[in-house]
Every structure is written in structure tokens, then in C-alpha cells.
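Please read the structure below before turning to the comments.
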Amino acid sequence: MILGIETSCDETAAAVVTNDGHVLASVVSSQAELHARYGGVVPEVASRRHLDLVAPVVREALAGGASLDRVERVAVTQGPGLVGALLVGVAAAKAIAWARRLPLVPVDHLEGHIASLYLEPEPLEPPFLCLLASGGHTLLLAVREHGRSERLGTTLDDAAGEAFDKGARLLGLGYPGGTEIDRIAREGDPSAFSFPVARVPGLDFSFSGLKTALLYAVRGLGESETERRKADLAASYQRAIVRALVQRIEDAAAQTGLDRIAIVGGVAANSELRAALPGVRFASLELCTDNAAMIASAARYVEALPYPGYLGLDAYASLS
Ligand code: KG4
Ligand code: ZN
């Protein structure tokens, strides 16, 4: 049994996963409402909230999964993310592991997203091509084996999820923006506005020009017309992001010869993206956005730090 803990951004999460990848319990407490009025995550507010929530969330996961006596390893997100938020999870994980004399497994958040694909009931086996699209990252990866991937492309500016969030803000929609745009776009015409996405060389992405194009469109329409055409704007904007992602995935598949393709991270929840790529494997909806089951899953492929050598372990905010 592995107890996983995730606190890298605005979700406080804990899960119990077996060594062979069955999720016994997965508890996610989202702080989205707390941050909604600011239009984005406020790091200091997130850290304080994690402090309140981490113990009850872990307790709930254990109550639904397995008693602490049966836990053999504690896994925790070490980075990347908001450093103050990460430290809450790392401290909690150290305390639990130390008190029980258990090993601790530090997990990279991005490896965690990939490992959401390795859970039962339908675990995917490498090699495969993976798009990781979240609020902080847009990465195309060739996953050669568990825990080992090669980076093929990344965003030169905004992440795909960030493009959704910033676009939603321009349209006066709530936070997190991806879910809101996804919802309202269903009532809109995706060909109403033409939003081009920059073509950059290689397998990289760029979304900042798209955001600017939406800004100009909103300015040109004025407040009341923007409000009236919100669904069309959202649908057209979403279409542009989805097109850019699909295009790059196809380019990467052609270049690498990898024919199995998977998509993970918050943006993998997008209904238009899911519909646009019927042959592609998507992380299950509850595992797209941040959760601790994926962290416990990734821990199965990382060497554990034996008791008590991990007490000095630090979090890291970004990849060096
Ligand atoms: O993976 P995640 O929970 O956190 C990070 O590690 O960043 O991803 C959150 C991101 C946010 O930017 C959010 O707007 C986006 O995922 N997202 C979506 C959808 N649901 C969440 N984007 C598009 N469509 C969705 N349905
Ligand atoms: Zn994430």
C-alpha cells in the first residue's frame, strides 16, 4: 500500500493505492472557490489552506482506503509547483513516514500526471507518445519506459491550461477557466471568429499570440457585444487551442513513429479535445486534474528514501 499526498497548487489531495495500481481511496479537496474571486491561485492563500486541509484529507483517504498500519510507503509531490504549497505536503508526508518508520518517496508532479495512465482498471504500458497539458505545462513526451521520458517539445510562452484560464478571464468567465470555456463553448459557433495559433518551428507550442487575438476581438466588440457573443468567442478560442494541440500531436507521432498516444493533465478533461481524438487514450476524468492517486502511482517507479534519511528533503518550485 502506498499513501500519496499532493499539494503542489490549489488541490489538497491524498490517496491510497496498492502496489499493483488499484486505487482504494482518492480524496481531492479543491480550493478553486477560494481563489475564484482573484481570478487565479494566490500562493500564500493556497499554502494556508493546505495547512488546514492536509490532515483531514489524509484521514479521509485512510478511512476509505486502508488503515495506516497497512501503509508501506508514503509518496509526496516534491515539485514543480508553488513552493509554499509543496512544503505543506512534504512536511506532512515526512511526519507520517517518520512516525511510522516508513520509507518516503519524493515524486515529480509531471511524472505523476504521466503515471495517472498506469492505474487500474486499464493501465497503459510504455512506449507511447504523451501530451501533458495543464495549467503550468504543455509538454510533448516520448515515454520510453515507466519513469523515463524524453522531451520532444514544450510551450515557448503560456501553457495550454493557462491559455484557457487567461481567455476565460478576458471573457469574464470564472476560474478555473478551462472548465468554464468548455461548458459555454457548447452553445457557441466555433467558426464565428478566426483565431490563428502561431506556428513555431519543431514540436514546440506558442499560445500568447492567441490570447492577444482574443483581447483585440473583445476590445473591438465592446462590453455588451462581447457579453452577447460570449459563447461564440469561447467556442472559437477553444477550437484554436484544440487545433494547435492536435496538429502538434500528429507531427510528433509522424516524427517518432510512436503510434500509441495518450493525453494527461487538466486540459485532457476538455470535451472538444477528447472528441477530436477518438483513437487517443485520455487520462480518466477524475485523474486529469491534480490528485494524489497519480502521485502514489508514480511512486511505484521511483526509488524510496529509507527511514529516517529523508528529514532534510526539500521541495523544488521549478525544473532546473
Ligand atoms: O493538472 P492541473 O489540475 O493543474 C496543474 O498541474 O496545472 O490543470 C489545471 C488546468 C487549468 O489551467 C484548467 O483551466 C485546465 O487545467 N482545465 C481545462 C479543463 N478542465 C481543467 N482546460 C480545458 N478544458 C477543461 N475541461
Ligand atoms: Zn498538475
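A few points about this structure:
- Of the helices (runs of 4 or more DSSP H) entirely within the stretch 80-177, those holding at least 3 residues that are under 22 Å from V302 (Cβ atoms) and either within 16 Å of ligand 1 (Cβ to nearest atom) or open to solvent by 50 Å² or more (accessible area, probe 1.4 Å) (or both) occupy 83-100, 109-115.
- Going through (1) in contact with a helix residue (DSSP H, G or I) (Cβ under 8 Å, 6 or more places away or on another chain); (2) open to solvent by less than 20 Å² (accessible area, probe 1.4 Å) one by one, S191 falls short only on (2).
- Of all the criteria given as (1) modelled with pLDDT under 95; (2) among the hydrophobic types (A, V, I, L, M, F, W, C); (3) under 23 Å from G40 (Cβ atoms), the one not satisfied by V200 is (3).
- So P201, is it within 16 Å of ligand 2 (Cβ to nearest atom) and farther than 13 Å from R239 by Cα: no
- Looking across the stretch 254-285 at every residue that is under 11 Å from L131 (Cα atoms) and away from ligand 2 (no atom under 16 Å from the Cβ), the one that is most open to solvent (accessible area, probe 1.4 Å) is identified as R281.
- Applying a threshold of 9 Å to beta carbon distances and a minimum spacing of six or more residues, or different chains, the list of pairs starting in the stretch 175-197 at a residue that is in contact (Cβ under 8 Å) with a residue 24 or more places away in the chain and closer than 11 Å to S236 by Cβ and ending at one that is open to solvent by less than 40 Å² (accessible area, probe 1.4 Å) and assigned to a loop (DSSP other than H, G, I, E, B) reads I181/L171; I181/L173; I181/N270.
- In the stretch 218-244, residue most open to solvent (accessible area, probe 1.4 Å) [restricted to those that are touching a Ser or Thr at 6+ places or on another chain (Cβ under 8 Å) and of a type in the set (A, V, I, L, M)]: V218
- Verdict on G21 being at pLDDT 95 or above, buried (at least 17 other Cβ atoms within 10 Å of the Cβ), farther than 26 Å from G309 by Cα and over 19 Å from the mean Cα position of the chain (by Cα): yes
- Among the residues of the stretch 8-32, those identified as among the hydroxyl-bearing types (S, T, Y) and within 12 Å of ligand 1 (Cβ to nearest atom) are S8, S30.
- Filtering the stretch 7-39 to residues that are assigned to a loop (DSSP other than H, G, I, E, B) and closer than 21 Å to L287 by Cα leaves T7, S8, C9, D10, T18, N19, D20, G21, H22, Q31.
- Restricting attention to the stretch 1-54, the residues that are away from ligand 2 (no atom under 16 Å from the Cβ), free of Cβ contacts under 8 Å to residues at least 40 places away in the same chain and of a type in the set (S, T, N, Q) total 1.
- Residues that are without any contact (Cβ under 8 Å) to a residue 40 or more places away in the chain and of a type in the set (G, A, S) within the stretch 55-88 comprise A55, A63, S67, listed in sequence order.
The values are calculated or read from the model by the stated rules, or taken from the named source; none is laboratory data. Since we're looking at a predicted model, the values are computed, not measured. Cβ: placed from backbone, ideal geometry, glycine included. Neighbour counts: every protein chain shown. Each accessible area value is taken on the protein alone, full model and side chains, heavy atoms only, with ligands, DNA and RNA left out. Shrake-Rupley method; radii C 1.70, N 1.55, O 1.52, S 1.80 Å.
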